[in-house]
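A short worksheet on the structure shown next.
Just so it is clear, none of the values below were taken in a lab; they were calculated from the coordinates. On a predicted model such as this, the values are computed, not experimentally measured, just so you know. Because the Cβ atoms are built from the backbone with ideal geometry, glycine has one as well, and the counts that use them run over all protein chains shown.
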Amino acid sequence: MKTIKNNFDKWQLLLKVLTNEIEENDPLFQEWLKKDKENEKLYHSLINDDQKPLFDKEKMYANISRSLSFPEKDVKPDKKFYHLSWLKYASVIIFLMISSVVFILIYNNNKENIKIADNNTDTIFDNKKVILTLANGKILDLTQNFNLEEGNNFLMSNDTLQGLSYKRTGNANKTEYHTLSIPVGGEYELKLEDGTKVYLNSGTKLTYPSQFNEDKRTVSLTGEAYFDVANNGQPFIVHTNDVDIKVLGTSFNVSAYKEDSFVNTTLINGKVQVKVNSNHSFFDMNPGYNLAFQKETGKVVNAKVDTELYTAWRKGEFFFKGQTLDQIFAKLSRWYDFTVEYQDPDIRYERFTGGCDKHNPIDVFLKQIELVTNIKHTKNGSRITVYR
């Protein structure tokens, strides 16, 4: 989605060749093909044994799936998932099939050009109203830099570019719990007194002690956070309403928003153990796996995944793979703070794959959807209405 409009002419050339609207030896297409080895590689990956393009929609989907390392069953055409394109081809079947993958092609071949926001730049923290609530109920506005030494033997420092950090200055007389609240459209970085780094996503609350005791380290999460846990020999536990995640030293992502149907724990490295609070069952996880707990049914799925799907937000991106528009809008609304209305309920089930820069306005995303589908929208304040 972070693709300039001029690129669509080039994608149109590729689609026209694949559908025999123009010949392969078309001068403009040959210029595009030879301009970049990746263009040639992509084109040849979509044709079979260097022969004529495949027009069978099942075969073309299989070809594209292999090219993008995407599970074929997830992109196989379904009446709910087709995307009508702005290209008007004579063959309706080819038209529907090709336009369904435009979004995939645009993203995967421009991914290296996406600007990644660095967590140490002001793009992350600029104008984010992050609030810290202390144990005594005092509220601190984290839009200002400060160093605050409390009587309970810890130093608290805030840097609007680097985030909030704690440092032990002595043994605590008692355990004090602080709560860091991230608003919709905000995110922040926290360094706990043990050296653990926590990156908190939009609409998240984390409650934690100013100092950990000698037995274990426990924090409570509502929302989404990425943890890079310091290994000091003590167990580190992330408590949510539905699951507890126990680790020593590791990196993992937890998404536990109240309104979501699932709690997702994604392990990047190390090992974690997840406890399902409703039935006290335990699950061990390995790197590269995501454990999804379905709140309504209690079902647990521990599966190998592309971890970028769950952690791209940490790099300033949104990344979607075969997700419905309803799922995508649910995630985007936490950042852009909007509500969505579907004039045609079936629109919510259409699936997309792609990525976008979180720091672009929502209008950029909506425009890209309009460019590759027949889906339109109107905006009225914070309400977005989607229709055909």
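Table for the structure above
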| item | result |
| --- | --- |
| Amide proton proximity set for Asn374, modelled H, under 5 Å, gap of 5+ | Leu84 |
| Ratio of Rg to Rh over the stretch 342-381 (Cα coordinates, Kirkwood Rh, two decimals) | 0.96 |
| Distance between modelled label sites at His44 and Gln343, nm, 7 Å Cα→Cβ extension | 4.7 |
| Distance histogram for the stretch 122-310 (every C-alpha pair counted, 5 angstrom bins, percent rounded to whole numbers) | 1, 8, 17, 20, 20, 16, 11, 6, 2, 0 |
| Cα-based shape type of the stretch 230-325, given that a ≥ b ≥ c are square roots of the gyration tensor eigenvalues and the cut on a/c is 1.5 | oblate |
| Extended-chain gain in nm, criterion 0.36 nm per residue less alpha-carbon gap, Ser281 and Asn360 | 24.3 nm |
| Under-5 Å amide H pairs with Thr218, H placed in peptide plane, nonlocal only | Ile237 |
| Ranked list, fewest to most other Cβ atoms within 10 Å of each Cβ, for Lys216, Lys275 | Lys216, Lys275 |
| Hz values of 3J(HN,Hα) by residue in the stretch 320-334 - Karplus curve (6.51, -1.76, 1.60), Gly and Pro given as x | 10, 9, x, 9, 6, 4, 4, 5, 5, 5, 4, 6, 5, 5, 6 |
| Mean Cβ neighbour count within 10 Å, used as a protection proxy, ranking 256-268, 129-141 highest first | 256-268, 129-141 |
| Protection proxy ranking, peptides 164-174, 281-291, average beta carbon neighbours within 10 Å, highest first | 281-291, 164-174 |
| Residue-by-residue Karplus 3J(HN,Hα) for the stretch 164-180, coefficients 6.51, -1.76, 1.60, Hz, glycine and proline x | 9, 9, 10, 9, 6, 10, x, 6, 6, 6, 8, 7, 10, 10, 10, 10, 9 |
| Potential extension, Asn171-Asn25 segment - 0.36 nm per residue separation minus Cα distance | 45.0 nm |
| Full-stretch length increase - Asp159, Arg383 - with 0.36 nm per residue and alpha-carbon distance subtracted | 77.2 nm |
| Order of Glu296, Glu317 - criterion: other Cβ atoms within 10 Å of each residue's Cβ, fewest first | Glu296, Glu317 |
| Amide H partners (placed H, <5 Å) of Val340, local residues excluded | Ile384 |
| Cα gyration tensor category, rounded, prolate or oblate, for the stretch 317-387 with a/c compared to 1.5 | rounded |
